[in-house]
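Here the structure comes first, spelled out in structure tokens, and everything after it is commentary.
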Amino acid sequence: MADKTILREGVSLYQSGDYNGALAFFLSLPEESEVDKIDLAYYIGLCYAKLARTDDALLYLEQVVTGGSELDRVLQCRYVLAVIYANTGRKKLAEFELNKLLESGYHLASVYASLAYVAWKQDDVERSLDFYRKAIEIEPENATALNGMGYVLACENRDLTKALSFCKRALEKHPDSAACLDSVGWVYLKLGLTADAFKYLNQAKEKLPQNEEIAEHIRIAEAS
């Protein structure tokens, strides 16, 4: 019988946000310890995901998806896998995991928002907007969906007033989000309000100084 108390210290470190400390603890457990290997893979995979070590995260999260018996954990790991796949350009794999989640009814607003992001990256604008609409219908205050909807509308120069409203609602929920600040700045730029655009774009850059998309938006603003 696997002893879950062995993991208690690592779980506590993870829950407190000390992902490096938690990872070090989990990896230090000896092979012969009476710990469930899937439980261990679950926490190691989540630690790696939090630390943006995506290839390592995939290795462990896939173990949970293929061998786990706790449905909530399997679905959670599917979602994390889908996000990693989407962010690393593996769109077909992302779609596969997200469609599996749709079949299960798991966090539908977040899943639809992720499908919208994948569709956007595939240059399928109408499908992206349709998925964002579904996400907002299910969860009207879902910040990811609101921000994504506004950003796509702005990129397509559609309903810019509505786009600004979506993005501002998202920013109200996450005022320190570089992505939300960037989106609001981008919509203002599309509206021709350059001073307002710089205000938000520069705040976004302060939070993510190496982000290429934010830098490109600032370059476009400077050239306008």
Segment 42-58, subset among the charged types (D, E, K, R) and in a helix (DSSP H, G or I), residue surrounded by the fewest Cβ atoms within 10 Å (Cβ to Cβ):
D55
Which condition number in (1) closer than 21 Å to A119 by Cα; (2) under 18 Å from the mean Cα position of the chain (by Cα) is the one that G105 fails?
(2)
In a helix (DSSP H, G or I), on the phi < 0 side of the Ramachandran plot, at pLDDT below 95 and crowded, with 18+ Cβ neighbours inside 10 Å: does that describe A82?
yes
Before we move on, is D182 touching a residue at least 24 places away in the same chain (Cβ under 8 Å), open to solvent by less than 30 Å² (accessible area, probe 1.4 Å) and of a type in the set (D, E, K, R)?
yes
Just one of (1) open to solvent by less than 60 Å² (accessible area, probe 1.4 Å); (2) out of contact with any Asp or Glu (no Cβ under 7 Å at 6 or more places or on another chain); (3) more than 17 Å from E213 (Cα to Cα); (4) of a type in the set (A, V, I, L, M, F, W, C) trips up A109, so point out which.
(2)
(1) open to solvent by 70 Å² or more (accessible area, probe 1.4 Å); (2) part of a helix (DSSP H, G or I); (3) of a type outside the set (V, I, T) all hold for M149 apart from (1)
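The values are calculated or read from the model by the stated rules, or taken from the named source; none is laboratory data. Everything numeric here is computed off the predicted structure, so don't read it as measured data. Ideal geometry is used to build each Cβ from the backbone, glycine not excepted, and the neighbour counts take in all protein chains shown. Heavy atoms of the whole protein, side chains included, go into the accessibility calculation; ligands, DNA and RNA do not. Shrake-Rupley method; radii C 1.70, N 1.55, O 1.52, S 1.80 Å.
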